[in-house]
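Scroll down for the structure; my scribbles are underneath it.
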Number of protein chains: 2
Amino acid sequence: MPEKGEGYELNKGFKTMIKSLCTISESQTSLDSIISWIEKRNREVSVAVERVPFKLLDQWVIYPDHSLHHSSGKFFSVEGVHVRTDYPQPREWEQPVINQPEIGYLGILAKTFDGVLHFLMQAKIEPGNVNHVQLSPTLQATKSNYELVHGGKVPAYLDYFRNAAPNQILLDQLQSEQGARFLRKRNRNMIVRVEEDIPVFEDFRWMTLGQIKELMRRDNCVNMDVRAVIAGIDFADYPLSEADLDQMSGFGRDMLGSALTQSGVKTMRELQSWLAGLRYGYTLSVERIPLNEAREWQCRDDEIARFDKKCFRVIGAKVHIENREVVSWCQPLAQSMQQGICAFIVKRINGVYHFLVQAKLECGTRDVFELAPTVQCLTESVFDGSPRPPYTDYVLNARKEQIIYDTLQSEEGGRFFHEQNRNMIVLADDAFPEEVPPAFQWMTLGQMCEFLRFSNYVNIQARSLLAAIKFSK
Amino acid sequence: MPEKGEGYELNKGFKTMIKSLCTISESQTSLDSIISWIEKRNREVSVAVERVPFKLLDQWVIYPDHSLHHSSGKFFSVEGVHVRTDYPQPREWEQPVINQPEIGYLGILAKTFDGVLHFLMQAKIEPGNVNHVQLSPTLQATKSNYELVHGGKVPAYLDYFRNAAPNQILLDQLQSEQGARFLRKRNRNMIVRVEEDIPVFEDFRWMTLGQIKELMRRDNCVNMDVRAVIAGIDFADYPLSEADLDQMSGFGRDMLGSALTQSGVKTMRELQSWLAGLRYGYTLSVERIPLNEAREWQCRDDEIARFDKKCFRVIGAKVHIENREVVSWCQPLAQSMQQGICAFIVKRINGVYHFLVQAKLECGTRDVFELAPTVQCLTESVFDGSPRPPYTDYVLNARKEQIIYDTLQSEEGGRFFHEQNRNMIVLADDAFPEEVPPAFQWMTLGQMCEFLRFSNYVNIQARSLLAAIKFSK
């Protein structure tokens with residue numbers, strides 16, 4: 001009988017992946033030197049984001065309904081939608097969304113040095129980043145980028161992804177972005193390994209997966225796109241040695257056990273049935289409307305915002321970056337009106353770690369519901385007196401020893417202005433009930449990874465948290 | 001290490017599924033008595049489908065653009081779409097589609113008798129069936145049906161599906177219907193097992209999976225919905241005994257071997273990457289347009305058809321069924337202008353049967369491409385002198401000993417009028433090249449089943465053919 005992952009395994013001898021997961025020091029580049037490099041890059045760069053009225057956004061057109069469009073007709077636009085759903089009770093609302101129909105590449109190159117797989121990370125400036133420079137994938141480009149719709153150069157390393165041979169591809173998935181802001185946007189997440197020597201440009205460094213995960217323990221250091229891609233690596237696909245296990249913490253070994261477990265409290269069939277039932281049972285209808293007719297929203301010369309100032313607003317930004325060269329451009333950015341929280345509660349059940357997963361409906365989701373963290377309140381106020389979403393209090397009141405992970409992580413700085421969310425992984429205490437509400441299920445890491453192999457199942461906030469799981473000591 | 005299917009297995013002791021697959025005689029009902037029963041039901045019933053102008057369709061409204069809508073605003077409508085794609089070259093066309101946003105149930109009840117799982121089949125009359133009565137699932141109902149939008153009774157057995165406990169559910173998937181005719185229509189395919197005695201109404205009979213597959217060897221006997229549901233059963237999930245293997249043909253044992261093989265000529269990762277590349281690389285845009293503005297189409301009082309009379313047309317039907325009771329109603333039906341062909345070419349590679357799978361783009365597909373049979377020409381003329389789709393000639397010229405399966409099967413008689421397609425499974429000869437064009441891949445049955453566990457991957461024509469695979473002697 002074939003084993004789990006057998007259909008996926010690239011190469012029985014491909015031991016360098018788990019080695020990479022466990023390696024923090026002794027790599028091509030030390031962790032300290034990576035940190036100094038990012039800090040240096042941050043010091044060297046000057047980023048000015050000037051708020052300007054929309055009409056001063058170069059190459060952007062304001063349509064009569066106040067929606068915003070790039071003059072090429074490509075790239076992205078900001079449009080109005082009317083949303084109707086009967087979940088959890090009949091509800092209707094209107095809002096602006098970012099409409100970016102084209103699928104972008106989020107690509108990471110990988111190469112083995114001294115028996116350890118390394119990933120080529122870029123120190124990338126994005127206008128919306130709180131700290132200017134964050135680690136990003138080797139390639140982060142929409143079609144408009146590399147078809148040069150808004151000027152600029154062909155992105156570095158593009159051809160390694162466009163021309164990758166099947167046996168080079170470690171990961172290749174279409175995955176969603178934030179459903180509350182984007183209309184069905186997806187990226188093509190790829191990890192491509194190379195064997196030959198390749199040029200390493202000035203803004204790029206090779207690092208191990210262990211190092212990337214270590215850097216994710218710092219606030220706003222590893223960008224959303226890296227997190228979204230590496231979450232897709234299923235460690236059950238790769239061979240493991242005794243030496244690797246020695247490099248793992250007790251928690252890491254237990255997490256690997258969870259990754260190797262495909263049947264938890266619920267079987268995959270039960271989980272798929274639960275999700276099919278929700279997608280069957282509730283409707284989500286999203287219709288375009290003229291943006292200036294969106295109720296609760298006001299389109300002004302310099303912002304599109306709710307009357308009550310909640311959720312988020314769209315602003316016009318003139319971006320000016322001084323680095324080795326000077327670049328400037330204009331674009332709209334979405335600015336969150338408050339910080340959000342994304343948290344997984346994790347509990348050991350029958351000796352195996354299970355994640356408490358929520359089925360979440362968002363207006364931009366392609367298939368009504370996706371699997372989301374236990375707590376995800378991005379755009380709704382948690383503290384305004386309205387009843388808080390389930391488990392929010394539990395997460396916010398977790399005792400120190402329950403907290404496995406707690407950092408601030410940025411959303412994509414190419415579209416979001418200074419948006420950071422608190423990312424947490426919290427261990428449930430023994431008293432935490434196994435019984436959960438209908439929109440929640442306990443899943444092993446192996447089950448989440450099984451869903452992650454397919455499109456439109458695991459949302460980006462859940463992937464960001466899965467990427468943060470540290471296995472090494 | 002867990003084994004393939006481990007996360008899905010309902011019950012290690014659930015041996016009655018494979019037993020059902022292998023049992024044709026010695027069941028609750030003999031095959032002969034089933035056939036006589038269907039023939040008798042066919043004789044007893046009188047079905048008159050009278051073509052009427054659309055304005056005489058009771059409870060249907062013709063909008064100013066000539067689109068057709070049920071007066072409840074629910075059920076389904078016939079509307080116009082404009083389709084644009086850059087695959088295989090930039091192409092644009094307009095056509096009517098059936099828009100049925102609500103997800104219907106296709107549910108089959110299962111129960112073990114004498115150690116063999118039986119399925120409760122219904123002899124159901126549909127207006128579009130060439131032969132009036134075909135075997136259909138226990139439950140075949142849209143929300144409009146059971147919310148009684150267009151009159152009638154609550155469908156029998158509905159509550160067994162609505163109230164199924166997780167451990168009763170053998171299969172629960174959202175799967176697509178014909179993408180060339182329906183706009184993103186899906187059904188909730190379910191198999192629910194019961195242990196208690198349940199009433200068996202007059203139009204229903206228990207039968208084994210082996211019997212259903214045997215009946216699929218007859219023309220137009222098992223309806224599309226049954227075929228679409230049973231295709232989802234992954235035999236790798238169920239335990240197998242030596243006695244079962246003895247009941248299988250050599251071909252059946254080899255097919256089971258293919259079902260147990262998750263890594264074929266290509267790994268699952270390579271196949272997913274191939275599909276991600278196609279979905280990334282090509283665009284499909286579908287916009288609603290006024291139906292009477294659809295180029296190439298003419299909306300007349302009694303038909304919506306292409307000027308060249310190709311593809312299909314929409315007609316108005318007044319249906320009158322005389323049976324134990326008299327029922328009549330009106331509805332539009334889609335009538336194909338020619339017979340189509342759906343065929344899988346199967347080849348033994350490295351000792352394992354592989355299916356030659358095509359990635360097919362259709363206007364109503366939810367995610368640009370779905371996995372389709374090697375040959376599927378439903379709505380385009382094969383014989384008009386234009387170049388035939390790849391492999392069509394090979395299939396049509398197959399020698400008798402290459403043909404594993406060759407019958408006429410009906411599309412859903414609730415929407416399609418007298419539409420039947422030739423369904424074929426053809427064995428490739430030794431000279432058949434393993435090298436295939438970019439839109440094709442070789443997959444094992446186990447790999448197809450892995451895709452089938454998730455939504456929006458395997459199209460209904462492919463599922464209809466997979467359902468036809470006979471394992472028993």
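The values are calculated or read from the model by the stated rules, or taken from the named source; none is laboratory data. No experiment lies behind these values; they were computed from the predicted model shown. For neighbour counting, all protein chains shown are included, and Cβ atoms are generated from backbone atoms with ideal geometry for every residue, glycine included. We work out accessible area using only protein heavy atoms, side chains counted, and drop any ligands, DNA or RNA first. Shrake-Rupley method; radii C 1.70, N 1.55, O 1.52, S 1.80 Å.
What to note about this one:
- Among the criteria (1) within 14 Å of chain A (Cβ to nearest Cβ); (2) open to solvent by less than 10 Å² (accessible area, probe 1.4 Å), the one B:GLN272 does not fulfil is (2).
- Conditions (1) without any contact (Cβ under 8 Å) to a residue 24 or more places away in the chain; (2) in contact with a strand residue (DSSP E or B) (Cβ under 9 Å, 6 or more places away or on another chain); (3) under 25 Å from B:GLY73 (Cα atoms): number failed by B:ARG300: (2)
- Against the test of being at positive phi and more than 14 Å from chain B (Cβ to nearest Cβ), the options A:GLU325, A:GLU296 yield a single qualifying residue, A:GLU296.
- Close pairs (7 angstrom Cβ cut-off, 6 or more residues apart or separate chains): without any contact (Cβ under 8 Å) to a residue 60 or more places away in the chain and within 14 Å of another protein chain (Cβ to nearest Cβ) in the range B:95-123, in a strand (DSSP E or B) and of a type in the set (Val, Ile, Thr) anywhere: none
- The residue that is nearest to the other protein chains (Cβ to nearest Cβ), among those in the range B:413-444 that are among the aliphatic types (A, V, I, L, M), open to solvent by 10 Å² or more (accessible area, probe 1.4 Å) and farther than 18 Å from B:CYS377 by Cα, is B:VAL436.
To keep it simple, each residue is scored yes or no on (1) more than 27 Å from A:SER36 (Cβ to Cβ); (2) among the β-branched types (Val, Ile, Thr).
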site: A:GLU94; (1), (2): yes, no
site: A:ILE108; (1), (2): no, yes
site: A:GLY115; (1), (2): no, no
site: A:PRO155; (1), (2): no, no
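- Of all residues in the range B:275-290 being of a type in the set (Val, Ile, Thr) and either out of contact with any His (no Cβ under 7 Å at 6 or more places or on another chain) or within 11 Å of another protein chain (Cβ to nearest Cβ) (or both), the one that is least open to solvent (accessible area, probe 1.4 Å): B:VAL286
- Selection from the range A:432-462 of residues that are assigned to a loop (DSSP other than H, G, I, E, B) and among the β-branched types (Val, Ile, Thr): A:VAL436, A:THR444
- Restricting B:ALA276, B:ALA231 to residues that are among the aliphatic types (A, V, I, L, M) and free of Cβ contacts under 8 Å to residues at least 12 places away in the same chain narrows the list to B:ALA276.
- Unique match (being facing chain A (nearest Cβ under 9 Å) and of a type outside the set (Val, Ile, Thr)) among B:GLY250, B:GLY264: B:GLY264
- Complete set of residues in the range B:339-354 that are among the aliphatic types (A, V, I, L, M), crowded, with 19+ Cβ neighbours inside 10 Å and farther than 13 Å from B:ASN421 by Cβ: B:ILE345, B:VAL346, B:VAL352
Yes or no, residue by residue, for (1) part of a helix (DSSP H, G or I); (2) of a type in the set (Asp, Glu); (3) modelled with pLDDT under 90:
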{"position": "A:LEU174", "(1), (2), (3)": "no, no, no"}
{"position": "A:GLN178", "(1), (2), (3)": "no, no, yes"}
{"position": "A:VAL192", "(1), (2), (3)": "no, no, no"}
{"position": "A:GLU196", "(1), (2), (3)": "no, yes, no"}
{"position": "A:PRO199", "(1), (2), (3)": "no, no, no"}
{"position": "A:GLU214", "(1), (2), (3)": "yes, yes, no"}
{"position": "A:ASN220", "(1), (2), (3)": "no, no, no"}
{"position": "A:ASP225", "(1), (2), (3)": "yes, yes, no"}
{"position": "A:ALA228", "(1), (2), (3)": "yes, no, no"}
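- Matching residues in the range B:95-115 - criterion: being surrounded by fewer than 23 Cβ atoms within 10 Å (Cβ to Cβ) and aliphatic (A, V, I, L, M): B:ILE98, B:ILE103, B:ALA110
- So B:ARG193, is it under 12 Å from B:GLY107 (Cα atoms), surrounded by fewer than 17 Cβ atoms within 10 Å (Cβ to Cβ), among the basic types (Lys, Arg) and within 14 Å of chain A (Cβ to nearest Cβ): no
- Verdict on B:GLN402 being surrounded by 23 or more Cβ atoms within 10 Å (Cβ to Cβ) and at pLDDT 90 or above: no
- Top-ranked residue of the range B:1-29 - restricted to ones that are closer than 30 Å to A:PHE235 by Cα and among the small types (Gly, Ala, Ser), ranked as modelled with the highest pLDDT: B:GLY7
- For the range B:280-290, a residue qualifies if it is outside any strand (DSSP E or B), of a type outside the set (Gly, Ala, Ser) and modelled with pLDDT under 95, and the qualifying residues are B:TYR280, B:TYR282, B:THR283.
- When we screen A:LYS266, A:LYS347, A:LYS310 for residues that are touching a residue at least 12 places away in the same chain (Cβ under 8 Å) and in contact with a Pro (Cβ under 9 Å, 6 or more places away or on another chain), the only hit is A:LYS266.
- Residue in the range A:263-271 that is of a type in the set (Ser, Thr, Tyr), in a strand (DSSP E or B) and at pLDDT below 95 present: no
- Scanning the range B:234-262 for residues that are open to solvent by 10 Å² or more (accessible area, probe 1.4 Å) and either outside any helix (DSSP H, G or I) or on the phi > 0 side of the Ramachandran plot (or both) turns up B:TYR238, B:PRO239, B:LEU240, B:SER241, B:SER249, B:LEU260, B:THR261, B:GLN262.
- Where a residue in the range A:149-167 is more than 12 Å from chain B (Cβ to nearest Cβ) and modelled with pLDDT under 90 and its partner, wherever it lies, is open to solvent by 60 Å² or more (accessible area, probe 1.4 Å) and in a loop (DSSP other than H, G, I, E, B), with Cβ under 6 Å and at least six apart: A:VAL149/A:LYS74
- Of residues in the range A:70-91 being assigned to a strand (DSSP E or B), farther than 16 Å from A:ARG181 by Cα and not β-branched (Val, Ile, Thr), the one least open to solvent (accessible area, probe 1.4 Å): A:HIS70
- Cβ-Cβ distances below 6 Å connect the following pairs, each with a first residue in the range B:455-471 that is touching a residue at least 40 places away in the same chain (Cβ under 8 Å) and β-branched (Val, Ile, Thr), a second residue that is open to solvent by less than 10 Å² (accessible area, probe 1.4 Å) and not in a loop (DSSP other than H, G, I, E, B), and a separation of six or more residues or different chains: B:VAL458/B:LEU371; B:VAL458/B:PHE451; B:VAL458/B:LEU452; B:ILE460/B:ALA228; B:ILE469/B:MET255.
- Hits in the range A:291-338 (condition: modelled with pLDDT under 90, surrounded by fewer than 16 Cβ atoms within 10 Å (Cβ to Cβ), not in a loop (DSSP other than H, G, I, E, B) and not acidic (Asp, Glu)): A:VAL326, A:VAL327
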